[in-house]
Amino acid sequence: MRQPLLGFRAWRTALAGLLLGLSLTPASAAVTDQTESPYFAVDSSDPGTDRLPLKATRVEARILGVLADVVVTQHYRNEGTQPIEARYVFPASTRAAVYGLQVRIGERLLSARIREKQQAKREYEQAKGAGKTAALLEQQRENVFQMNVANILPGDEVAVELRYTELLLPTDGVYRFVYPTVVGPRYNGAPATGSGTTEPWISTPYTAVGEAGGPAFDLQVHLATPTPVQKVRSPSHELAVEGDGRQTQVRLQADDKRQDDRDFILDYQLAGPGIQSGLLLSKGTEENFFLALVAPPEAVPSTLIVPREYVFVVDISGSMHGFPLDTAKGLLKQLLGRLRPGDRFNVLLFSGSSSLLAKDAQPATPANIQQALGMLDTEMGMGGTELLPALREALASPGDQERARSIVVITDGYVTVERDAFALVRENLGKANLFAFGIGSSVNRQLIEGLARAGQGEPFIVLDEASASEEAERFRKMIDSPVLTRITARFEGLEVYDVEPLALPDLFAQRPVVLFGKWRGEAKGRLLLEGRAAGAPYRAEVPIEAAQARPENQALAYLWARHRVASLTDQETLEGDFAHSQAILDLGLKYHLLTAYTSFVAVDEVVRNPQGLTAVDQPVPLPQGVSPMAIGTAVPGTPEPSTWAMLLIAGLGMLWLRHRAQRRNAAIAMPAG
């Protein structure tokens, strides 16, 4: 019975080549009218227009303890002969609190103002129409920003500087700083599924794979730590590291030809014990803020853990073609291999449609695990990314009430339905915890982290095959360790208010409990954290002293406001109807933060261009390891297929779907074990 399967795999390989060679056309011609997916950039037909006005990006990050302050400077220059408006879509950290924007034009420095989003847009459009140089920074997603710079004259050099701060939390004693460099392409959904959107930013152009000549990218990190730093490394880039342990400088090695097609990731550890409990205080003129970190309890024997059930939801869409899907296969092998004999599991594969390994969860026997791996091994990565139907099916699948049930989602996250997915998970929170594994060099971290937050689980990021094993092991340690439940936190001797989060979720191992808030009066007393771990009481105490209020902690105001915005956004997603939009708007305006309802706008009052201008969308590289199939083409300029080719492809596709359905039905009919 093995020979037909081998023949089928060879036939599918031939079909894949045919699809790449004939059926895939530039998305601007064949895809954007349906899904508004990104498209390959092509040289402008007008030689007077500069299609690559972004010339360089420089990042300077200063990390003090658990707080990172980041300055990003984008250098634009118009090397064409016509005035232009440049539009650039770029990513950010999901935890970033963006609090400042400046624009430098020659010797003139403009400080941006925070405005309600539509008002900022109107001010920008008025300035653009009047011939004034202006800049507009908008949030499209928590981790996707758009910069517009209008009236860049021929020869102009414009530097746009934005500032943000974020909190770095240790995992297994390792601190990780991430600077995303490129927005991955987003699948925008088939109309019949209702999983699409009309937002223009989704049509960001992408350069051809391997194309040189993109903007220069430079990044430097300064680490200032109370105890010596050790094990400074990057799984994404080659580094040059200098310093004495407490003051460490990190730079990119210059010999890497392409630095901006994947997230920059910096890992480091501190000498001494892993996670430390502690408190940071900030004293302001009107408000005081605090940040508390409390280490979780130690692990206890896994024999105290109840029996478990897992549903693995695996993305096999076109953007997963190649490296991401190969890595996902290796990850699933690692995850399944770590299940105990008493555990049960199921596997759901999804792209434009979905298929289950079996109707009910199966025992974690070697035979069932091998059957699941064989099911995934025949996939090569094709089609759309219909995440919502897959989540609905996984949540609706029958489960054993006597088992701790978890859903594990494995995807690159290149979709536009983040808020719908979060709402779906939250509405079904009582059915399962949810863990999300992001696969790839520039995954959609908003989706991965948001799904885990909504499902009270944990996010994992898998950069390559090597890190797949590491993240699978971290997952095993987490689920084998006790959960700290019924957590309560109270302050004695310190008056606190506006504490975030309002309720503490259950805690998995190796992650600290985090509390933000405001305080009044004298800084004294203690913080008590209590809960239950593996059925036994747990208690931790953190002292509060006036010396903890330091000038360098002023970023706590931004971080508190950012965390409150995230909480309100989660509630708004669940309740709908923009229930908290006014509160989010007020927070953005008061604390000078970029949000879904506020934007930064800077306007030069000098009229510099009385004529018209040409709009230019700055192309960005495809993330490292992402196939061109993610954006609907294989090679830029591929001619449209002929009618006979389309008919042939359609026929082969029907045969493939029929064969896959037969295999699935046969798999479901096989006896377990």
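The numbers here are math on the coordinates, done by the rules we state, and not lab data. None of the values given here were measured: they were computed from a predicted structure. Positions of Cβ are backbone-derived with ideal geometry, glycine not excepted, and every protein chain shown enters the neighbour counts.
Among the listed pairs LYS359/LYS477; LYS333/LYS477; LYS128/LYS590, which have their C-alpha atoms separated by more than 21 angstrom in this model? Distance filter (> 21 Å) returns LYS359/LYS477; LYS128/LYS590. Give the shape of the stretch 408-490 as rounded, prolate or oblate, defined through the alpha-carbon gyration tensor: a ≥ b ≥ c are the square roots of its eigenvalues, a/c under 1.5 means rounded, and otherwise the shape is prolate if a/b is larger than b/c and oblate if not. Cα axes put the stretch 408-490 in the oblate bin. Classification of the stretch 129-168 by its C-alpha gyration tensor yields a prolate form. The axis ratio a/c (a ≥ b ≥ c) is 1.5 or more, and a/b outweighs b/c.
State whether the stretch 316-397 is rounded, prolate or oblate according to the following rule on the C-alpha gyration tensor (a ≥ b ≥ c being the square roots of its eigenvalues): a/c under 1.5 gives rounded; otherwise a/b larger than b/c gives prolate, and the remaining case gives oblate.
Details: a/c = 2.29, a/b = 1.33, b/c = 1.73.
The shape class here is oblate.
Highest-first packing order for the peptide set 215-221, 561-567 is 561-567, 215-221, based on the mean count of other beta carbon atoms within 10 Å. For LYS132, the lysines whose Cα comes closer than 27 Å to its Cα, not counting residues fewer than 8 places off in the same chain, are LYS55, LYS117, LYS121.
Please sort by residue number the GluC sites (Glu not before Pro) in the stretch 382-430 whose DSSP state is loop and whose Cβ has at most 10 other Cβ atoms within 10 Å.
GLU402
A straight Cα-to-Cα reach below 16 Å connects LYS283 with the lysines LYS518, LYS524, residues fewer than 8 places away in its own chain not being considered. Dividing the mean sequence gap of close Cα pairs (under 8 Å, 6+ apart) by how many residues the stretch 328-478 holds gives a relative contact order of 21 percent.
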